[in-house]
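*Asks:* Take a look at the following structure, please.
The values are calculated or read from the model by the stated rules, or taken from the named source; none is laboratory data. Since this is a predicted model, take the numbers as computed values, not measurements. SASA here: full protein model, heavy atoms, side chains in, ligands and nucleic acids out. Shrake-Rupley method; radii C 1.70, N 1.55, O 1.52, S 1.80 Å.
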Amino acid sequence: MSLPVKDAASYRDTISIVNNEGGRKWVYPKKPKGRYTNARTILSVILLAVLFGLPFIKVNGHPFVLLNVLERKFIIFGTVFVPQDFYLFGLLMITLFVSLFLVTAVFGRIFCGWICPQTIFLEMVFRKIEYIIEGDYLRQIALNNSIWNKEKIFKKGIKYLIFFIISFLIANIFLSYIIGFDQLWNIINEPVSDHLSGFIAITIFTGIFYFVFAWFREQACILVCPYGRLQSVLLDQNSTVIAYDCVRGEPRGKIKNKEEQHLGDCIDCKLCVNVCPTGIDIRNGTQLECVNCTACIDACDSIMDSVSRPRGLIRFDSMDRIKNSINSKISKLTPRVIGYSSVLIILLIVQTVLFSMKKDLDVNILRTPGMLFQNQPDNKVSNMYNLKISNKTFDEMPVNFKLKDSEGEIKLIEHEINLKPLEIHEGTILILIPKDKIKLTNTPLNIEVYSGDKIIDVVKTTFLGPQN
Ligand code: SF4
Ligand code: SF4
């Protein structure tokens, strides 16, 4: 069955937010209400509480979550990742992406409507404030078209002031994920001159969030978001999306005498279009602009209730099930779903194994580049090594070294190494071996790394010596 659009070819030639002259078409969505909107509101409150609450949570005095990209230090649910763990962090990101691809292939763009911070902030925070101050969409249009009188100046002024304050709050929370709440607290409480870079960061983030939520809005989802633009390759006819039941709804038409007119259930009231925050008509089929916000489902259900027809003319369903009038809600196990699931399972297994092998201390010992062996007193030969140790725990760690199965000694250039929590230490060590014990020009060595009496790691390296 072909799509139920009047001009099926033409609606994909344009995007909903661009007018005929190529300019921005401002979207004024009607305020949505209904069971899905209520469910999304509850979920949004929970997610916002988590987002705003996480930076305050500490475990044993340390952040529960920290995404310090500047120092490449990450703490995710209490687990520390330092630069040496980047392969693990990268793998975690790949796993998340594959999970997202799988969820999209099965449930469509559900992430956008229910979890994405952009949608949550725009639809559940900024848009709700707009409705409170300026009223529903028709009042907003009227206000925008009116001359600048006292009412307009007051409403616009108060709205943008509140938008700015919320953007400032989001900027602070965003920064606290990067530098930690303690550091943010210092920026807030101490003179600006002591934290100029932090102050500049807050100002820039506030400006970006204000720009996005006060003006840029749905363009972020339609024009910028890479996930949104990938929909055409991630979805197929079997994906559960927000879909209009064209079999049941067409031919659409105003109610006069349904039986005589032989019309479908769509009464062409266009309420589903009026509530859409991206300005599309979902009856044209799945479109990249759709963020799965469910507003059109609630709108259409309310219309179906009022004309005593069954709900669900617009609903979560796949085009395959709609076109073939399949009642089951169970998604087909397509090759795409099997493929994504297989890759995800492999990634999860690899990730689990690598996580279980993750060490508290990351030790790197490399012979100093460009240096050969040095002859030392007492008929000994020495090699110099560069040392890099990362403490991946929140505990202090004293570190010392021993040669395994080789006669010789290890001298620290500095007196002792006592790593602070999460410290990365770089230094130099000297290994000395009696000349008569050196049998090869390039002797393999194993260096045992101890913290107190506990062996933490064994590092392999080589020792250059004179030819015998
Ligand atoms: S089509 Fe429906 S679900 Fe998609 S963005 Fe518009 S209102 Fe939301
Ligand atoms: S809200 Fe329902 S009945 Fe009204 S135009 Fe949309 S699909 Fe048709």
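*Asks:* Where the eigenvalues come from the Cα gyration tensor of the stretch 89-141, what are the semi-axes √(5λ) of the equivalent ellipsoid, largest first, in whole Å?
*Replies:* 34, 12, 6
*Asks:* Give the Debye-formula value of log10 I(q)/I(0) at each listed q (0.14, 0.23, 0.26 Å⁻¹), with one equal scatterer per alpha carbon of the stretch 143-203, two decimals each.
*Replies:* For the stretch 143-203 at q = 0.14, 0.23, 0.26 Å⁻¹, log10 I(q)/I(0) is -0.53, -0.87, -1.03.
*Asks:* Taking each pair of distinct Cα atoms in the stretch 20-83 once, what is the resulting Kirkwood hydrodynamic radius in Å? Mind dumping the intermediate values first?
*Replies:* Details: mean 1/r = 0.0643 Å⁻¹.
This gives a value of 15.6 Å.
*Asks:* In nm², what is the average projected area of the convex hull enclosing the Cα atoms of the stretch 367-407?
*Replies:* That works out to 4.6 nm², a quarter of the Cα hull's surface.
*Asks:* From the cross-link list 58/388; 358/460; 380/460; 30/152; 30/254, which pairs have alpha carbons spaced over 24 Å apart?
*Replies:* Pairs exceeding 24 Å: 58/388.
*Asks:* Sticking with this one: With equal scatterers on the alpha carbons only and no solvent term, can you work out the Debye log10 of I(q)/I(0) for the stretch 303-342 at 0.15, 0.25, 0.28, 0.32 1/Å?
*Replies:* -0.51, -0.91, -0.98, -1.04
*Asks:* How many angstrom lie between the C-alpha centres of the stretch 345-422 and the stretch 275-301?
*Replies:* Each part reduced to its Cα centre gives a spacing of 58 Å.
*Asks:* Taking the square root of 5 times each eigenvalue of the Cα gyration tensor, what semi-axes in Å does the equivalent ellipsoid of the chain have, largest first?
*Replies:* 61, 29, 17
*Asks:* Right, something else. For every helix of n ≥ 4 consecutive DSSP H residues, a contribution of -39,500 (n - 2.57) applies; sum these over the chain, divide by its total residues, and give [θ] at 222 nm rounded to the nearest 500 deg cm²/dmol.
*Replies:* Value at 222 nm, helices only: -11500 deg cm²/dmol.
*Asks:* If you wrap a convex hull around the alpha carbons of the stretch 199-266, what volume per residue comes out, as a whole number of Å³?
*Replies:* 141
*Asks:* OK, next. What do you get for Rg/Rh over the stretch 100-215 if you use C-alpha atoms and the Kirkwood form of Rh?
*Replies:* Numbers: Rg = 18.1 Å, Rh = 16.6 Å.
Result for the stretch 100-215 is an Rg/Rh of 1.09.
*Asks:* Still on this structure, please answer the following. Of all accessible surface on the chain at a 1.4 Å probe, what whole percent is carbon and sulfur?
*Replies:* Carbon and sulfur atoms account for 63 percent of the accessible area of the chain.
*Asks:* Would you mind listing how long the stretch 57-107 runs along its three principal axes, going by Cα atoms, in whole Å with the largest first?
*Replies:* Its Cα atoms span 41, 24, 16 Å along the three principal axes.
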